[in-house]
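**Q** Have a look at this one.
The values are calculated or read from the model by the stated rules, or taken from the named source; none is laboratory data. Since we're looking at a predicted model, the values are computed, not measured. Methodologically, a virtual Cβ is constructed for each residue, glycine included, from the backbone with ideal geometry; neighbour enumeration extends over all protein chains shown. Please note that ligands, DNA and RNA were not included when accessible areas were found on the heavy atoms of the full protein model with its side chains. Shrake-Rupley method; radii C 1.70, N 1.55, O 1.52, S 1.80 Å.
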Amino acid sequence: MNSLYVWISLFSWIGVATAIAYLAKRGLGEGVTEYFLGGRRLGGFISGMTYSATTYSAFMLVGLVGLTYESGVGALGFEMTYLTFTVFLLAIFAPRFWIASNKYDFVTPAELLSTRYESKWVGVVAALVFLVMLVPYAAVQLMGIGFLVEGLTGGEIPYMAGVIVMAVFAGFSALWAGMRSVSWTDAFQALTMLTTSLFALFYLFYHFFGSPVSFFRTISLENTELLKLSWDPRLFIGLALPWAFFALTNPQVSQRMFIPDRISSLKRMIVYFSVFGFIYTIISTLFGFQAANLLPGLTNPDKAMPALLTKIPTALGLVIFIGIFAAATSTLGSVILTLSSAVSRDVAKALVPHISERNELLAGKVFIPVLLGATVLFAWLQPGLIAVLSSMASGGLLVTAPALIGAFFWKRGTGVGVLSSMVVGGVITGLMYATGYKPLGWWPSVWGLGITSLIFVTVSIFTTRPRKSEKFVESINSEVKALGAKRD
Amino acid sequence: MIIPEILSKYSNLMYNFRNHKTEGVIFLLNKFSYLLVGLVIAALDFFVPFYALKDVGSFLGSYLFWSVLTLTVIVFGVLYVDRTWGSKR
């Protein structure tokens, strides 16, 4: 594909997204909550779309397509497992996160932990875990676009050019108006992702297979092996487990439970996200089956989608490319903004309690370019297969799951229990990923969750319970109950 | 001891759902019940495709099962939200 077309379409789309960000900025007020949470004034549609665009990234149309291309139906199971448990967890935790954030004025998920467990170090360590684990995850988004532009233009646009353009735009949209610009552009990006991919999917159905029905028939006859479950069960659990807890452990999505303006908007956020997620997952895996049938024998499965794009007319290929760029950019922008809020609130404010709100915000903003530099460096080094790398990030974040669940459901959980579980569990999980060591064949995420839970429970039992933990848990639960009672 | 207790809570829960009485539902489905529901979903999500449908080479095998399971959880999840905390007021 001609690189000029790619540049023109890319900058045209960036122009529209920038105009949306400009409109969002007009409503921006002063202060940390306004900047990082959009003043908790977002409606159900924008909240649902930003949740979707933040969650679904370049991994879907690059990594998941490749994974389906290579290993078939197991890839769908892995992604549907994520969606199933996200809906399940949101139904239970979303009202609790929302009520707690409004009641205590939380800006970040780590702040929730430090308040509940009455230890500023809990917040600092959680913020550091988020930072360490999310840098590779953010870099994966950049790598996805780098691979894509390179593959699409036959190397005319180098990998690093794609990486840098995306990093600059994501950083700009995060810096400009914080959560307002990120969530508004996310909504535009989510709609772009869904419409462009649906359009291309149906083009491929009709152009290469005759119709959707004959596509399903062709795959059943010619790619039967991909429809049989060939995954090692331990690989499936190892990859799916971190993603099952993604809604709680990934701060860029759990922070989105803070932003809706009212409880009915929170409900609509869940509904919109569920529908979006289901459709987008089906689309992504069907692309994988299409690529397997049309382009057999690719050595790098991550190149399946770029290769598929070369089989379709230039205009349509560009449309899909923009959809993937939107997916990756929205995730990157949200991750960067969430991490900068963690630096601002969980590190700067926690360590210097009397810091002015202006300086607290400044600390977060200054960190945005620093963080982007780190992710670009990581993308330049290009480690591993995209799917495994993404999962490793979530695997590391899994060490925060027991503390987050315990925050609302176990009054006995203590700050020392949280700290020891996150530090020891994090180090052990990180070492296992780094060395590739899998005791008894089970993945580091499985061991990480087990060890972290065990340490959290054991240490908590033997240490002093936080003074106000009972009040915290009971007040949140009674407010959730009151919401249900209002309907009667 | 705990099983009859959970069964009794579920029968109350179903009664409340049928009669649109949601007061207290959130506590009927308490933390142990959440855990139980989560474990049942996890067991279905894993064992059915990996053991019952492993060798079915068709979209009507694991592909359909995982899609239907997810849709079911979405429908029941939204229903649960709507009838417990997702009040419009």
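**Q** Could you tell me whether region A:119-133 includes any residue that is touching a helix residue (DSSP H, G or I) at 6+ places or on another chain (Cβ under 6 Å) and at positive phi?
**A** No, region A:119-133 contains no residue that is touching a helix residue (DSSP H, G or I) at 6+ places or on another chain (Cβ under 6 Å) and at positive phi.
**Q** A:PRO95 passes all but one of (1) open to solvent by 10 Å² or more (accessible area, probe 1.4 Å); (2) at pLDDT 90 or above; (3) not small (Gly, Ala, Ser); which number fails?
**A** All conditions pass for A:PRO95, except number (1).
**Q** Follow-up question, since we're still on this one. Is it the case that A:GLY27 is over 23 Å from the mean Cα position of the chain (by Cα) and either open to solvent by 10 Å² or more (accessible area, probe 1.4 Å) or more than 26 Å from A:PRO158 (Cα to Cα) (or both)?
**A** Yes: the conditions hold for A:GLY27.
**Q** Return only the number of the condition from (1) open to solvent by less than 10 Å² (accessible area, probe 1.4 Å); (2) out of contact with any strand residue (DSSP E or B) (no Cβ under 7 Å at 6 or more places or on another chain) that A:ARG268 does not satisfy.
**A** (1)
**Q** In contact with a Phe, Trp or Tyr (Cβ under 7 Å, 6 or more places away or on another chain), more than 12 Å from chain B (Cβ to nearest Cβ), of a type in the set (A, V, I, L, M) and in a helix (DSSP H, G or I) - does that describe any residue in region A:67-83?
**A** Looking for residues that are in contact with a Phe, Trp or Tyr (Cβ under 7 Å, 6 or more places away or on another chain), more than 12 Å from chain B (Cβ to nearest Cβ), of a type in the set (A, V, I, L, M) and in a helix (DSSP H, G or I), one finds none in region A:67-83, hence no.
**Q** How many of the residues making up region B:57-66 are surrounded by 16 or more Cβ atoms within 10 Å (Cβ to Cβ) and more than 7 Å from chain A (Cβ to nearest Cβ)?
**A** Adding up the residues that qualify gives 1.
**Q** Being open to solvent by less than 10 Å² (accessible area, probe 1.4 Å), of a type outside the set (A, V, I, L, M) and either more than 14 Å from every other protein chain (Cβ to nearest Cβ) or over 19 Å from A:MET60 (Cα atoms) (or both): is that true of A:PHE246 here?
**A** Spelling it out, A:PHE246 is indeed open to solvent by less than 10 Å² (accessible area, probe 1.4 Å), of a type outside the set (A, V, I, L, M) and either more than 14 Å from every other protein chain (Cβ to nearest Cβ) or over 19 Å from A:MET60 (Cα atoms) (or both).
**Q** State whether one or more residues within region A:287-301 are within 19 Å of the chain's Cα centre (by Cα) and within 10 Å of chain B (Cβ to nearest Cβ).
**A** Initially, region A:287-301 is screened for residues within 19 Å of the chain's Cα centre (by Cα), giving none.
The answer is no, given that none of the residues of region A:287-301 is within 19 Å of the chain's Cα centre (by Cα) and within 10 Å of chain B (Cβ to nearest Cβ).
**Q** Which condition number in (1) of a type outside the set (Val, Ile, Thr); (2) open to solvent by less than 30 Å² (accessible area, probe 1.4 Å); (3) closer than 21 Å to A:SER52 by Cβ is the one that A:PHE188 fails?
**A** (2) is the only condition that A:PHE188 fails.
**Q** So which residues in region B:25-46 are at pLDDT below 85 and facing chain A (nearest Cβ under 7 Å), if there are any at all?
**A** B:VAL25, B:ILE26, B:PHE27, B:LYS31
**Q** Looking only at residues that are in a helix (DSSP H, G or I) and at the interface with chain A (Cβ under 7 Å from one of its Cβ atoms) in region B:47-56, which one is surrounded by the fewest Cβ atoms within 10 Å (Cβ to Cβ)? Steps first, answer last, please.
**A** Of region B:47-56, the ones in a helix (DSSP H, G or I) are B:47-52.
Checking the rest, the ones that are also at the interface with chain A (Cβ under 7 Å from one of its Cβ atoms) come to B:49-50.
Working: B:PRO49: 27, B:PHE50: 18.
In this case the residue turns out to be B:PHE50.
**Q** On to the next question. Can we say A:TYR117 is more than 9 Å from every other protein chain (Cβ to nearest Cβ), within 20 Å of the chain's Cα centre (by Cα) and open to solvent by less than 10 Å² (accessible area, probe 1.4 Å)?
**A** no
**Q** Quick check: anything in region A:75-85 β-branched (Val, Ile, Thr), under 18 Å from the mean Cα position of the chain (by Cα) and within 26 Å of B:ASP45 (Cα to Cα)?
**A** Yes, region A:75-85 contains a residue that is β-branched (Val, Ile, Thr), under 18 Å from the mean Cα position of the chain (by Cα) and within 26 Å of B:ASP45 (Cα to Cα).
**Q** Then there is this: Six or more apart or on different chains, Cβ atoms under 9 Å: show the pairs whose first residue is in region A:217-240 and free of Cβ contacts under 8 Å to residues at least 60 places away in the same chain and whose second is assigned to a loop (DSSP other than H, G, I, E, B).
**A** Short answer, once both residue conditions are applied: A:SER220/B:GLY57; A:SER220/B:SER58; A:SER220/B:PHE59; A:SER220/B:LEU60; A:THR224/B:GLY57; A:THR224/B:SER58.
**Q** Under 7 Å by Cβ, and 6 or more places apart or on different chains, what pairs join a residue from region A:252-264 that is away from chain B (no Cβ under 14 Å) and within 11 Å of A:SER47 (Cβ to Cβ) with one that is open to solvent by less than 10 Å² (accessible area, probe 1.4 Å) and β-branched (Val, Ile, Thr)?
**A** Short answer, once both residue conditions are applied: A:ARG256/A:THR50; A:ARG256/A:THR54.
**Q** Let me spell it out: the conditions are (1) open to solvent by less than 10 Å² (accessible area, probe 1.4 Å); (2) within 25 Å of B:VAL81 (Cα to Cα); (3) within 14 Å of another protein chain (Cβ to nearest Cβ), and A:GLY413 meets all of them except one. Which number is the exception?
**A** (2)
**Q** Is it the case that some residue within region A:305-316 is open to solvent by less than 10 Å² (accessible area, probe 1.4 Å), closer than 19 Å to A:ARG180 by Cβ, hydrophobic (A, V, I, L, M, F, W, C) and assigned to a helix (DSSP H, G or I)?
**A** No, region A:305-316 contains no residue that is open to solvent by less than 10 Å² (accessible area, probe 1.4 Å), closer than 19 Å to A:ARG180 by Cβ, hydrophobic (A, V, I, L, M, F, W, C) and assigned to a helix (DSSP H, G or I).
**Q** I'd like the full set of residues that are more than 21 Å from the chain's Cα centre (by Cα) and either crowded, with 24+ Cβ neighbours inside 10 Å or among the charged types (D, E, K, R) (or both), limited to region A:335-360.
**A** A:LYS349, A:GLU357, A:ARG358, A:GLU360
**Q** Okay, moving on. What residue, of A:ILE283, A:ILE322, is part of a helix (DSSP H, G or I), open to solvent by 10 Å² or more (accessible area, probe 1.4 Å) and either closer than 16 Å to A:GLY162 by Cβ or within 13 Å of chain B (Cβ to nearest Cβ) (or both)?
**A** A:ILE322
**Q** Being β-branched (Val, Ile, Thr), open to solvent by 80 Å² or more (accessible area, probe 1.4 Å) and away from chain B (no Cβ under 14 Å) narrows it down to one of A:ILE461, A:ILE451, so name that one.
**A** On the way: A:ILE451 fails: open to solvent by 80 Å² or more (accessible area, probe 1.4 Å).
The conditions single out A:ILE461.
**Q** Spot the failing condition for A:ILE99; the list is (1) in contact (Cβ under 8 Å) with a residue 12 or more places away in the chain; (2) under 22 Å from the mean Cα position of the chain (by Cα), and only one is missed.
**A** Of (1) in contact (Cβ under 8 Å) with a residue 12 or more places away in the chain; (2) under 22 Å from the mean Cα position of the chain (by Cα), only one is false for A:ILE99: (2).
**Q** Would you confirm whether or not region A:236-251 contains a residue that is within 25 Å of A:THR329 (Cα to Cα) and of a type in the set (Ser, Thr, Tyr)?
**A** yes
**Q** State which residue pairs qualify: first residue touching a residue at least 24 places away in the same chain (Cβ under 8 Å) and inside region A:352-365, second residue of a type in the set (A, V, I, L, M, F, W, C) and open to solvent by less than 40 Å² (accessible area, probe 1.4 Å) in any location, beta carbons under 6 Å apart, and separation of 6 or more residues or different chains.
**A** Taking only residues 6 or more apart or on different chains, the pairs are A:GLU357/A:VAL32; A:GLU360/A:VAL32; A:GLU360/A:ALA348; A:LEU361/A:VAL32; A:GLY364/A:VAL343.
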